[in-house]
Amino acid sequence: MTADYIQANTNGRLHDAGAPSIAPLNRGFLYGDAVYEVWRTYDGVLFAWHEHWARLEQSAAALHLALPCGPEMMLGEIQRTVLAFRTATAQREELYVRLQVTRGGGPIGLDPGLADRADFVLLVQANRGLPPEKLAHGYRLSLATELRRNPAACLNPAWKTGNYLNNLLCLREARNRGADEVVITNLANEVTEAAVANLGFVRDGEIQTPPLAAGLLAGITRDLVVRLIAPAAGLSLRETVIRPADLGGMQECFMLSTTKDVSPVASIDEHHYRVAADTITMRLKAAFADYVRAYTIRHPELHLG
């Protein structure tokens with residue numbers, strides 16, 4: 001079995017993710033009519049299980065989509081899928097777990113009432129985490145100029161849905177310029193987030209991050225950092241509007257995501273930021289690691305093997 005093997009579970013049926021799964025009439029495929037969440041493990045423990053599930057419920061409620069099961073049943077399906085992945089690969093690496101729930105299938109047509117029943121697909125693979133070279137030297141980002149963040153009044157970025165075209169096309173622009181990731185602004189020319197991560201900055205010793213009102217996903221890692229981890233570590237943090245003109249005045253920049261937690265950023269276009277062991281970014285990353293260690297001790301019931 002190859003190192004990049006992905007184990008799938010479609011409505012309880014275990015299979016190779018490369019094999020056929022959903023029907024062509026599935027609304028997630030046809031219209032992006034779906035919600036999803038991603039978890040990762042630390043020391044084999046599914047991290048922030050309840051926080052991610054709560055966000056999944058909120059996203060589903062926003063789309064008026066009924067989830068096919070509750071958290072207890074889904075946790076059992078995740079455990080089954082992980083066991084199948086371990087058996088197929090013999091890998092002991094940390095895991096990436098993705099759950100996507102679609103409204104189901106039915107006749108072709110936009111009317112949500114045409115859907116039959118909700119479907120779920122679980123995907124389990126190795127979580128690659130933060131590459132050592134990016135930890136040492138940081139990521140390169142670029143500001144999107146062709147597209148802006150879709151406004152919350154149209155399709156709220158706080159909903160974690162199967163429709164990611166806005167993020168995808170903005171990322172494509174940045175990648176075409178040789179960047180690793182993108183910085184997306186809203187219609188008011190305020191910084192929101194990257195394609196798959198929230199953003200944080202350090203200015204004169206203070207951590208600054210765009211507010212949710214700017215139009216961004218309410219990231220679980222971001223929320224833990226803002227509410228618990230930064231205050232416990234004695235780090236000053238403020239949610240504030242940040243504009244492209246402010247980027248040159250920042251001394252540090254970092255991304256926040258489930259799969260890579262706190263990741264240093266070396267540059268946004270011509271603006272360069274400090275990446276070193278003694279930065280506030282790395283103090284925050286160490287504090288996050290302390291929180292994770294405590295979490296894994298508190299939640300042995302979430303150990304996936």
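Here, each number is a calculation from the coordinates, and none is a lab measurement. Predicted, not measured: the structure shown is a model, and the values here were computed from it. Methodologically, a virtual Cβ is constructed for each residue, glycine included, from the backbone with ideal geometry; neighbour enumeration extends over all protein chains shown.
Okay, here's what the table says:
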| read-out | value |
| --- | --- |
| Magnitude of the charge dipole, the chain, Cβ model with Lys/Arg +1 and Asp/Glu -1, debye to 20 | 180 debye |
| Amide H contacts under 5 Å for residue 143, placed H, 5+ residues apart | 183, 269 |
| Cα-based Kirkwood hydrodynamic radius, the stretch 7-126, one decimal, Å | 14.8 Å |
| Span-like helix ranges in the chain, DSSP H, alpha carbon extent 15 angstrom or more, Kyte mean at least 0.5 | none |
| Per-selection Rg to Rh, the stretch 97-173 - Cα, Kirkwood hydrodynamic radius | 1.08 |
| Among 8, 34, 114 the positive-end extreme of the charge dipole of the stretch 7-126 (Cβ point charges) | 8 |
| In sequence order, calculated HN-Hα J values of the stretch 31-48 (Karplus, 6.51, -1.76, 1.60; Hz; x Gly/Pro) | 10, x, 7, 7, 10, 8, 9, 10, 10, 9, 9, 10, 6, x, 9, 5, 8, 6 |
| Fraction of the pair-distance distribution of the stretch 132-295 above 24 Å, Cα-Cα pairs, percent | 28 percent |
| For the chain, alpha-carbon Rg relative to the globular expectation (2.2 N^0.38 Å, N residues) | 1.01 |
| Whole-Hz couplings from phi, Karplus 6.51/-1.76/1.60, listed for the stretch 201-211; x for Gly and Pro | 9, 10, 10, 6, x, 10, 7, 10, 9, x, x |
| Mean Cβ count within 10 Å, highest first, over the residues of peptides 61-74, 259-272, 123-136 | 259-272, 123-136, 61-74 |
| Over the chain: helical MRE at 222 nm, DSSP H runs n ≥ 4 each giving -39500 (n - 2.57), nearest 500 | -8000 deg cm²/dmol |
| Likely footprinting exposure, 201, 29, fewest C-beta neighbours within 10 Å first | 29, 201 |
